[in-house]
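Each remark here refers to the structure printed beneath this line.
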Amino acid sequence: RRVHGGVILRSFVFPSSSLPAQTMFSNNYGLGSLLKEGAKHFSGVDEAIIRNIEACKQMSQITRTSLGPNGMNKIVINHLDKLFVTSDAATIVKELEIVHPAAKMIVLAAKMQEQEVGDGTNLVIVLAGELLTQAESILRMGLHPSEVISGYEKASKKAIEILDDLVCYTLDDIRNKDKLAYSIRTVIAAKHFGYEELLSGLIAEACLTVMPRNPKNFNVDNVRVAKILGSNLFETRVLRGLVVTRDAEGSIKHVKNAKVAVFGCPLDTASTETKGTVLLHNADELMNYSKGEENALEKVIKEVADAGVNVIVSGGSIGELALHYIEKYEMMAVKILSKFELRRLCRAIGATALVRVGAPTAEEVGSADEVTTEEIGSQKVTIFRRDTEDSKVATLVVRGSTQNLLDDVERAVDDAVNVVKSFAKDARFVPGAGATEIELAHRIQQFGAATPGLDQYAINKFAETLEIIPRTLAENAGLSATDTLSGLYAAHHKGEKNVGIDVEAGGVKDVAEAGVLDHLATKMWAIKLASDAALTVLRVDQIIMAKPAGGPAPKGPAGQDEYDD
């Protein structure tokens with residue numbers, strides 16, 4: 001305590017638990033004084049919204065050139081050095097591992113589209129990216145983000161209402177192979193232009209093989225794909241049953257009315273986990289030692305055979321001695337090393353995978369009408385057939401010259417089968433090839449002109465956004481985008497709402513007559529999800545990032561195996 005000018009001054013000492021002075025009295029002002037040193041924050045239209053829009057634009061430009069039947073392929077090498085050559089947007093964005101938070105929202109919207117319909121992921125990404133690009137121009141003009149959001153919401157609802165008026169075809173009989181193939185042609189053409197007739201017929205055949213009495217119970221996992229290198233795509237065929245791309249282990253290659261026991265463990269003589277020493281005094285002891293081991297193994301396999309089993313499936317190795325006894329009791333042996341394939345087989349034949357070698361109970365034994373080995377090209381495959389209502393399985397055996405081609409065909413098949421499932425809910429179709437988007441743009445422009453207030457600017461921009469689909473289809477096909485769009489608008493102003501782009505001959509034509517159809521649910525979900533993703537990005541006005549923690553980066557959750565269900 002000291003006296004200064006008649007005033008008593010006291011000095012205080014803060015306890016050690018209090019904050020240090022440099023933290024309490026930071027030189028930073030505003031938000032910087034609240035956060036730890038090293039934190040970043042961006043706010044306002046220029047810093048936050050425009051930055052987010054720029055990131056989403058960049059991502060949308062990556063997949064835009066892959067849209068449509070003339071879309072270009074991308075070579076993507078992921079973090080595991082695996083090579084992907086594909087034009088499938090879902091695969092591209094998945095393997096790129098995008099980390100920007102705003103762009104991730106659009107990736108999530110694309111994943112949602114994949115789950116809901118199975119097709120149209122590129123449509124979502126391109127529409128969302130273009131919605132944000134158009135929003136950027138009116139934000140720079142001075143419109144408030146809330147006015148843009150309001151306009152986009154109105155336009156999105158109007159677009160979904162208009163879609164019902166554009167229906168040009170309805171699939172009235174999902175069990176008719178020709179009609180089903182006709183309905184999925186466009187889905188295949190977008191990935192493998194030129195092969196749509198071949199693949200759509202095969203996929204329709206596979207889907208109808210496993211179609212239950214009530215199509216709404218259709219299970220997409222019952223249509224499998226077996227990829228066998230060699231020959232060409234025209235050698236692809238459909239086989240009834242589950243195809244395992246391995247030969248049977250023993251000499252028995254064909255069993256009818258099979259009773260199948262599935263073991264998730266190896267079939268071999270038991271070995272101890274620790275090393276042990278056995279002291280043998282003479283030859284008789286040596287003979288009895290190996291004989292006892294053989295007898296124990298024979299006893300176990302005899303028990304399995306006595307349970308009525310005539311096919312054994314193992315998830316591990318099958319020893320020579322075990323194979324000898326399996327042959328002795330006239331059973332067929334199949335080895336499946338993938339645990340996911342093993343699980344799939346159990347579901348197909350109604351078996352339970354056992355973790356110990358022994359006699360299975362009646363409930364654990366699966367059944368199949370036939371288990372047989374066939375040769376396709378130079379590859380031997382084992383086919384499990386079971387023609388019951390609850391577990392019919394059809395396998396598309398795809399042939400091709402390269403592994404990347406086979407992978408891409410598998411993705412196209414997966415999209416088509418998922419779309420078939422959505423036909424059970426809604427079997428309506430709208431014209432494809434950009435016809436629907438131009439008609440929507442034309443009608444939304446009229447709706448915008450009749451809307452009072454500042455919302456009309458955003459509604460008109462929404463209409464302009466929809467032009468990106470026919471423009472991109474024309475550019476990817478090497479056509480003049482300006483001439484094509486003017487031709488489309490001229491036809492649609494005359495009331496010809498089914499006129500779209502002719503990507504083969506150039507110009508425009510009635511695409512509904514040509515059989516170029518898009519599923520209504522695919523369009524509806526794409527517009528809904530793209531609008532939601534764009535609006536979520538536009539609602540962000542501040543980005544606040546804490547200082548990253550020191551040390552190694554935290555590990556994320558273990559990735560799911562590509563074969564896992």
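The values are calculated or read from the model by the stated rules, or taken from the named source; none is laboratory data. Keep in mind it's a predicted model, so treat the numbers as computed, not measured. Note that each Cβ is placed from the backbone with ideal geometry, even for glycine, and that neighbours are counted across all protein chains shown. Surface accessibility is based on the protein's heavy atoms, side chains included, excluding ligands, DNA and RNA. Shrake-Rupley method; radii C 1.70, N 1.55, O 1.52, S 1.80 Å.
Can you tell me which residue is farthest from residue 267 (Cα to Cα) among those in region 290-316 that are part of a helix (DSSP H, G or I) and either among the acidic types (Asp, Glu) or touching a Phe, Trp or Tyr at 6+ places or on another chain (Cβ under 6 Å) (or both)? Only one residue tops the list, namely 306. Only one of the listed residues (200, 251) is among the hydroxyl-bearing types (Ser, Thr, Tyr), on the phi < 0 side of the Ramachandran plot and part of a helix (DSSP H, G or I). That residue is 200. A count restricted to region 418-463 and to residues that are out of contact with any strand residue (DSSP E or B) (no Cβ under 8 Å at 6 or more places or on another chain) and of a type in the set (Ser, Thr, Tyr) stands at 2.
Give the residues of region 109-148 that are among the small types (Gly, Ala, Ser) and either assigned to a helix (DSSP H, G or I) or closer than 14 Å to residue 469 by Cβ (or both), sorted by residue number. Result: 109, 110, 120, 128, 129, 135, 137, 146. Of all the numbered requirements in (1) without any contact (Cβ under 8 Å) to a residue 60 or more places away in the chain; (2) open to solvent by 20 Å² or more (accessible area, probe 1.4 Å); (3) not hydroxyl-bearing (Ser, Thr, Tyr), residue 181 misses one, and that requirement is (2). Among the residues making up region 60-91, those that are modelled with pLDDT of 85 or more, open to solvent by less than 50 Å² (accessible area, probe 1.4 Å) and either polar (S, T, N, Q) or in a helix (DSSP H, G or I) (or both) are 60, 63, 66. Among the residues of region 338-370, those that are touching a Gly at 6+ places or on another chain (Cβ under 9 Å) and hydrophobic (A, V, I, L, M, F, W, C) comprise 342, 345, 346, 348, 349, 351, 353, 354, 355, 362, 365, 368. Identification of strands (runs of 3 or more DSSP E) wholly contained in region 364-457 with 2 or more residues that are under 16 Å from residue 240 (Cβ atoms) and either open to solvent by less than 10 Å² (accessible area, probe 1.4 Å) or modelled with pLDDT of 85 or more (or both) yields 366-376, 379-385, 394-400.
Got at least one residue in region 158-171 being crowded, with 19+ Cβ neighbours inside 10 Å, modelled with pLDDT under 85 and small (Gly, Ala, Ser)? No: zero hits.
Consider residue 242 against the criteria (1) surrounded by 19 or more Cβ atoms within 10 Å (Cβ to Cβ); (2) over 15 Å from residue 394 (Cβ atoms): it satisfies all of them except one. Which criterion is unmet? In the conditions (1) surrounded by 19 or more Cβ atoms within 10 Å (Cβ to Cβ); (2) over 15 Å from residue 394 (Cβ atoms), residue 242 misses (2) alone. Scanning region 317-354 for residues that are touching a Phe, Trp or Tyr at 6+ places or on another chain (Cβ under 8 Å) and in a loop (DSSP other than H, G, I, E, B) yields one hit, 338.
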